[in-house]
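S.K.: Here it is, the structure, as structure tokens.
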Amino acid sequence: MRLAGCLLALMLLCAGGTQAAERELDDPNTIDVCLKCHDEPKVTGVLHGPHMSTADLRTHAGTIGCQNCHGDSTAHVARLDTGAVRPPPTRVFNGSRKSSVDVQNEACGGCHQGGSALHWQGSPHASADVACTSCHASHPVQDAVLAKATQAPVCFTCHADRRADALKPSHHPVLEGRMACGDCHNPHGSLGPNMLRGGTVNDTCLTCHDEKRGPFLWEHAPVQEQCTICHTPHGSVQMSLLRQRTPYLCQDCHDSSTHNSQPFSATNLPGGAVPGRQMVLRACLNCHGAIHGSNHPSGARFAR
Ligand code: HEC
Ligand code: HEC
Ligand code: HEC
Ligand code: HEC
Ligand code: HEC
Ligand code: HEC
Ligand code: HEC
Ligand code: HEC
Ligand code: HEC
Ligand code: HEC
């Protein structure tokens, strides 16, 4: 008898407790409700980033903060019948119930238009249905893609050939963390070719390699035209990111009518053919060292 009374009291207590909790759970418009079920570190990192800054009124940090991105979550937090599957929030960015790319991107686009994302619409990434969240992680305290040292691995998940290039002997110091893909490219799109930051390839290169800009007294035509005629930007097995080794690089354009492509001469050795000085060591660069242009009065042949 006493035992039954006790059990009854316990049951009432439990029922009362759950009801109170469920009433609170019914209101999705406070982030505390979300955090009751989602208190894992992989979720709570967002509380320490700019999207939950209480000082920034745009974030609605205390109230609908989570729904700024995840959209209306009323059904998600609602009370469930036993055994029922909890429906996801309106917008899900990862896992098997991921929303369509359009639905995901409209969440971010609502607050982030213009600025560096001005040319997003129609950009190669937007056209290929790449989601903002393919590059950006919102929950970790540090979004890897924003830091020079951790950015490239994010790009390599889709651009694996670029990783192979970055490992070649001559490369921009991207893997070393001194430079990022984003120093040359704006991954949100740009007015330049290949989403380059500059309006042209040369504008992009010359922001850092200004000493190659000229004008020179003696210009070398291909340098003015496009750096990538001779250089490959991502990595090369030749020195100085060259597409080919000299003399072959030069011989693409300069024919054999002069000294320039005599591969061998026997002048130095009795009876034996030895490579001509145009072909050994730095080949043409042995003499034509000022290959980007010369300001020397007698530098017409780029020899000084
Ligand atoms: C009553 C507990 C509970 C509350 C409150 C709750 N969630 Fe969830 N949420 C879950 C569970 C359980 C899952 C896992 C669903 C699954 O894996 O099937 C989940 C999954 C999610 C997911 C991933 C969806 C998916 O399908 O992978 C997101 C995003 C999410 N919740 C956001 C929120 C937001 C935002 C709030 C507040 C508005 C919130 N949740 C409140 C229990 C809750
Ligand atoms: C309710 C508005 C809002 C929404 C929605 C929103 N953001 Fe933000 N975001 C902000 C604010 C405010 C900042 C703080 C920086 C600023 O002043 O722009 C910010 C900053 C950022 C930053 C810079 C972070 C840093 O550490 O400097 C990134 C990246 C970003 N958001 C990406 C996203 C992505 C991706 C989405 C979609 C999943 C998204 N945002 C959705 C308002 C929003
Ligand atoms: C292909 C990868 C990629 C995609 C897709 C992408 N971003 Fe970014 N985002 C970056 C990188 C890299 C940076 C850092 C740029 C820098 O260093 O200047 C960045 C920076 C930002 C910033 C920080 C502030 C700023 O303007 O530089 C915001 C905000 C942002 N992105 C929002 C978005 C939104 C919104 C989308 C979707 C419409 C999006 N991003 C899609 C790679 C990406
Ligand atoms: C700036 C947009 C943004 C805000 C604000 C935001 N989320 Fe998310 N959420 C995301 C993105 C993007 C993902 C996918 C994983 C990632 O990028 O970290 C995600 C993933 C999740 C997941 C699934 C985690 C997993 O890996 O299974 C849960 C749960 C979740 N969010 C809950 C919340 C809760 C709770 C809040 C509020 C405290 C919140 N989110 C605020 C953008 C956001
Ligand atoms: C030094 C500047 C520079 C850096 C750093 C750079 N790129 Fe590029 N990228 C270019 C130029 C210039 C082009 C134009 C194509 C060409 O002429 O080879 C290009 C083209 C591309 C292309 C499209 C054309 C192709 O060859 O597939 C992709 C994709 C690309 N880059 C990805 C990346 C990634 C990922 C990173 C970081 C690991 C990166 N780039 C770093 C300058 C750069
Ligand atoms: C989710 C996959 C994905 C990620 C992550 C990604 N890209 Fe891309 N990227 C693509 C697709 C798809 C295309 C368009 C098809 C193509 O050219 O390969 C593309 C194209 C490009 C192009 C070529 C544009 C043109 O005009 O041809 C560049 C440059 C580029 N990405 C740079 C980057 C950089 C830098 C990062 C990292 C900040 C990055 N991508 C991250 C998928 C991705
Ligand atoms: C954001 C700055 C930046 C931009 C933009 C840039 N570079 Fe560089 N470049 C560097 C740095 C840093 C190094 C490494 C210098 C060092 O190691 O001392 C470098 C090195 C080089 C080298 C020598 C590589 C070697 O193995 O010795 C060449 C060639 C080169 N860049 C060509 C280019 C071309 C072509 C472009 C345009 C497609 C370009 N750079 C754009 C910063 C830049
Ligand atoms: C006609 C082919 C050619 C063109 C075009 C060209 N370069 Fe070069 N570049 C070379 C050669 C060859 C070397 C190696 C020079 C050496 O070792 O003396 C080199 C070396 C470099 C280096 C590293 C060594 C140094 O001198 O600082 C940089 C940086 C560089 N080039 C930048 C550029 C930029 C930027 C452009 C476009 C404005 C450009 N190059 C256009 C052939 C070219
Ligand atoms: C893409 C084609 C191209 C490549 C590659 C190229 N050049 Fe040139 N070069 C030219 C053009 C065009 C001129 C200007 C010719 C003229 O004014 O008659 C020129 C001029 C010269 C001149 C001055 C000749 C003169 O008649 O004024 C020398 C020397 C020279 N190049 C050496 C080299 C060397 C060495 C290399 C390899 C490192 C090289 N070039 C690579 C196209 C190229
Ligand atoms: C041993 C030094 C030396 C080497 C190596 C060399 N050159 Fe020259 N080159 C010269 C000199 C000196 C001139 C100027 C000749 C003149 O003004 O009559 C010249 C002139 C030129 C000219 C201008 C047209 C001409 O014939 O007068 C071109 C183009 C040229 N060289 C390209 C090359 C190429 C390409 C290579 C590599 C295959 C090369 N040179 C290797 C010394 C050299």
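S.K.: From Ala107, Ala137, Ala149, Ala144, which residue is more than 30 Å from Arg245 (Cα to Cα) and touching a Cys at 6+ places or on another chain (Cβ under 6 Å)?
M.R.: Ala107
S.K.: Select, from Ala137, Ala126, Ala117, Ala131, the only residue that is within 16 Å of ligand 1 (Cβ to nearest atom) and closer than 14 Å to Pro187 by Cβ.
M.R.: Ala131
S.K.: Which residues, counting only those in region 98-114, are assigned to a helix (DSSP H, G or I), away from ligand 1 (no atom under 15 Å from the Cβ) and not polar (S, T, N, Q)?
M.R.: Within region 98-114, Val101, Asp102, Glu106, Gly109 meet the criteria.
S.K.: Looking for whichever is modelled with pLDDT of 85 or more and farther than 21 Å from Phe216 by Cα here; the options are Ala273, Ala283. Which one fits?
M.R.: When all the criteria are applied, what remains is Ala283.
S.K.: Kindly evaluate Ala166 against the criterion of being surrounded by fewer than 17 Cβ atoms within 10 Å (Cβ to Cβ) and modelled with pLDDT of 95 or more.
M.R.: Answer is no for this residue.
S.K.: I would also like to ask the following. Identify all residues within region 34-75 that are buried (at least 19 other Cβ atoms within 10 Å of the Cβ), more than 27 Å from the chain's Cα centre (by Cα) and part of a helix (DSSP H, G or I); write none if there are none.
M.R.: Scanning region 34-75 gives a single hit, Cys34.
S.K.: Can you name the condition, by its number, that Ile31 falls short on among (1) under 29 Å from the mean Cα position of the chain (by Cα); (2) crowded, with 16+ Cβ neighbours inside 10 Å?
M.R.: Among (1) under 29 Å from the mean Cα position of the chain (by Cα); (2) crowded, with 16+ Cβ neighbours inside 10 Å, Ile31 violates only (1).
S.K.: Does His172 satisfy the condition of being part of a loop (DSSP other than H, G, I, E, B) and within 16 Å of ligand 5 (Cβ to nearest atom)?
M.R.: Here the answer is yes, as His172 does meet what is asked.
S.K.: Kindly indicate which of Gly109, Gly95 is more than 16 Å from ligand 9 (Cβ to nearest atom) and under 20 Å from the mean Cα position of the chain (by Cα).
M.R.: Gly109
The values are calculated or read from the model by the stated rules, or taken from the named source; none is laboratory data. Because the structure is predicted, anything quoted here is derived from the model rather than measured. Cβ atoms come from the backbone with ideal geometry, glycine included; neighbour counts cover every protein chain shown.
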